[in-house]
1. Only residues that are modelled with pLDDT of 90 or more and under 16 Å from the mean Cα position of the chain (by Cα): list them for segment 206-225, please.
2. Just give me the residues in segment 227-260 being under 19 Å from residue 197 (Cβ atoms) and buried (at least 18 other Cβ atoms within 10 Å of the Cβ), in sequence order.
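The values are calculated or read from the model by the stated rules, or taken from the named source; none is laboratory data. A quick note: this is a predicted structure, and the numbers were derived from the prediction, not measured. Glycine gets a Cβ as well: all are built from the backbone with ideal geometry, and neighbour counts include every protein chain shown.
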């Protein structure tokens, strides 16, 4: 095993990691209280106002939203489109308060493609689930909790510490089962979880430091995607599925699982080709869902910029 990489200087970090987390713990706590006291229907009035504020007062997010939507919608982007995009993002955060408060009955959640996941869990087989910053990750976690899946999440928690604190105040289990990426023992922990039959979720559309990138066509233009998660999957030798929890407006969500690759059957000398093929399939699947549910993409920075 190679030596761990030294800490990444701030100026060498990807754009998304250089962005400071907006809001404050006090405001998030206030929003949590309003949401749980007045209920989802009444407190959504506040969500509409928050979305409007971000559209008008945060030009960087507005610019990134316009750049993405122009590609996904393939037409001129209107202010209504920008508002719908930000509102979808705000809605998924608002709904997390209820999902974590064991109020999943408030939502109409449809699930597609979960049969292989259930089968793997029944046979105590580990699996990697690769998602993206798209839709609601909490809906996916809720699905795992409801089905009593052995599951955990590997993520970079630095850019959402305040939100995670507010969510943990609702349900302390919200921050359990999280494997912090970027640590010396992260890979060993993921390997152990897979060997014990766990589902390990990873958001694979962003890198958090020096990584190898593969430039692939995405929504009509070249974009750089990190190969790190896919190299990890090849090394650990487990099946990989795509996952997403799409917000469909109102109280409706769709959870999707789709197979990407099974690295258990890939010989060592074929890994590089398999990594490239799997990443291409991941990007193609991500693009298809972006076009089907365009307001669910929540990377509010210029995704098509060159990686550092």
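1. 225
2. Passing the criteria: 232, 233, 236, 238, 239, 240, 241, 243, 257.
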